[in-house]
Amino acid sequence: MAPNRRMFAAMVGVALLVAAAPACGSDGGANSLVITANAINSAGGKNAAEAKWIEDWVIPKFVEQQRAKGVTVQVKFQATGVADEDYKSRIAKDLKTGTGADVVSLDGIWVGEFAEGRQIKPLDELVGADKAKAWDGWRHIPEPVQRLMSYDGKLYGVPQETDGRVLFFNRKLFAQAGLPADWQPTGWDGLLAAARKLKALPGVIPVQLNAGTSFGEATTMQGILPLLVGTGSPMYQGDKWIGNTANFRRVLEFYRTLYGEQLGDAELQQDAKGREKSLEKFAKGQVGILLESDYLWRGVLNPTGGSFPMAERDTTVGWAKIPAATPGAGVNRQDFVSMSGGGGRVINPKSKNVELAWELLQFMNSTEAFKELFAGGGPRIAARQDVNAEVLGGDPMLTFVSEQILPITALRPAESEYTMVSKAMQQATLDVVTGTSPADAAAAYGKAVEQAVGKDQVVND
């Protein structure tokens, strides 16, 4: 029997408590607040820069702001530095039992589960529609980015950071293959055409398009979903998941063409460390085209501090939008598409100081706060475009994502069954890469999704 979505979401609430958490407004004061995030201010600590920002800037500045209004406020930070799933389990327990922090950091992909379980509530319900809409920050956050902290058309929190996926390419290899330095394919055929030219270069993998289960979620976000939205089909729509459809088969056909013509390395997709190796190969000039998020640019290839630093990154690496299958075939009839992730912050519905927590949430997402957060850790893409316009000015790649990718991006569905469907998609690509026909792989995928979520929740054609 397939699990009921609401039952599944409610199960989150009985997760193991990883760390004891104080009740909202833990000191019992009328103006007491607690912030929590999966961040800890210690040497080598997880998200240490964020923790330091909260402790050293957000809290004293907010207290000062409130004091200027004649309000005495006490704010504490509940630091955590654990695996994401452990953090999720802890805050699920806190929100279920009415304990924990007043302002909670939450990954956008978790919003649906927590909303279904009534562990979080829409901002309109918590603070009132008029107050929620009155915040001037919304006008600086693109609608697709606002959906990071939305579920079923309702806003549950304020997004903080996001990203965007593009086609990165090596300009030196492109020059050797006779391809332009300002390359921009307008359809999948253009991508394949470039790959076929790159194939002539010895020792070069023309395209790295993530496939298989060893890449995990990187296969879904940097492979399947950008292609799927390029066919005009979202992963989830109208309370139904995509199953064995013509558009999903079209995605698998693209995988078969790419790996069948050896335009990608099929063995690398099956390697337990394939993702890490693929990033390293791109950094070493052994991959021509790589579909990735801006993390590749600012994290992996960063000449100062990157995991695989590329000294000539700024001159060697180019980027292009991901084309729809054909012009106008993408979601919303778009010519180009992308996928984004990210997270933000919500208010604990059982906070004793909801209105004050809303003031704190607005303050933490102000232009001034973002600029301070990004000051010490290098530029990243904020949810706010006004912030990006200022802090990304010296970085053309991140500015490109902010200005041209975020307005056209799509998001993963914030549904509790997402992980199960994502894994089934990853298996389908692995099947194709290892020789199964797209038709058979799609059929197996469709059955797997029906078993996971229920036949009546799946669209097949």
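Within segment 67-83, the set of residues being without any contact (Cβ under 8 Å) to a residue 60 or more places away in the chain and surrounded by 17 or more Cβ atoms within 10 Å (Cβ to Cβ) comprises LYS76, PHE77, GLN78, ALA79, GLY81. Those residues that are among the hydroxyl-bearing types (Ser, Thr, Tyr) and farther than 30 Å from TYR418 by Cα, I need them from segment 341-376; list them, please. Hits for segment 341-376 are SER366, THR367.
Take the residues in segment 229-286 that are of a type in the set (Lys, Arg) and part of a loop (DSSP other than H, G, I, E, B), then tell me which one is farthest from the chain's Cα centre (by Cα). Residue satisfying both the conditions and the ranking: LYS284. Considering segment 116-144, and only residues there that are touching a residue at least 12 places away in the same chain (Cβ under 8 Å) and of a type in the set (A, V, I, L, M, F, W, C), the residue that is surrounded by the most Cβ atoms within 10 Å (Cβ to Cβ) turns out to be ILE120. Taking residues in segment 391-414 that are surrounded by 21 or more Cβ atoms within 10 Å (Cβ to Cβ), and partners anywhere that are of a type in the set (Asp, Glu), the pairs with Cβ atoms closer than 7 Å and at least 6 places apart or on different chains are MET397/ASP294; LEU398/ASP294; VAL401/ASP294. When segment 179-196 is limited to residues that are aliphatic (A, V, I, L, M) and part of a helix (DSSP H, G or I), the one that is surrounded by the fewest Cβ atoms within 10 Å (Cβ to Cβ) turns out to be ALA193. Filtering segment 379-389 for residues that are among the charged types (D, E, K, R) and out of contact with any Gly (no Cβ under 8 Å at 6 or more places or on another chain) leaves a non-empty set.
Take the conditions (1) more than 23 Å from ASN388 (Cβ to Cβ); (2) crowded, with 22+ Cβ neighbours inside 10 Å; THR97 misses just one of them, which is (2). Apart from one condition, ALA424 fits all of (1) under 17 Å from the mean Cα position of the chain (by Cα); (2) more than 19 Å from VAL145 (Cβ to Cβ); the exception is (1). Looking across segment 293-331 at every residue that is without any contact (Cβ under 8 Å) to a residue 24 or more places away in the chain and in a helix (DSSP H, G or I), the one that is surrounded by the most Cβ atoms within 10 Å (Cβ to Cβ) is identified as VAL300.
Only a single item in (1) over 21 Å from VAL103 (Cβ atoms); (2) touching a Phe, Trp or Tyr at 6+ places or on another chain (Cβ under 6 Å); (3) not acidic (Asp, Glu) is not met by SER340, and it is number (2). So which residues in segment 244-263 are without any contact (Cβ under 8 Å) to a residue 60 or more places away in the chain and in contact with a helix residue (DSSP H, G or I) (Cβ under 6 Å, 6 or more places away or on another chain)? Hit for segment 244-263 is VAL251, nothing else.
In segment 250-270, how many residues are touching an Asp or Glu at 6+ places or on another chain (Cβ under 9 Å) and either surrounded by fewer than 21 Cβ atoms within 10 Å (Cβ to Cβ) or aromatic (Phe, Trp, Tyr) (or both)? Residues flagged as touching an Asp or Glu at 6+ places or on another chain (Cβ under 9 Å) and either surrounded by fewer than 21 Cβ atoms within 10 Å (Cβ to Cβ) or aromatic (Phe, Trp, Tyr) (or both) within segment 250-270 amount to 1.
Here, each number is a calculation from the coordinates, and none is a lab measurement. Quick caveat, the model's predicted, so the values are computed rather than measured. All Cβ positions, glycine included, derive from the backbone under ideal geometry; neighbour counts span all protein chains shown.
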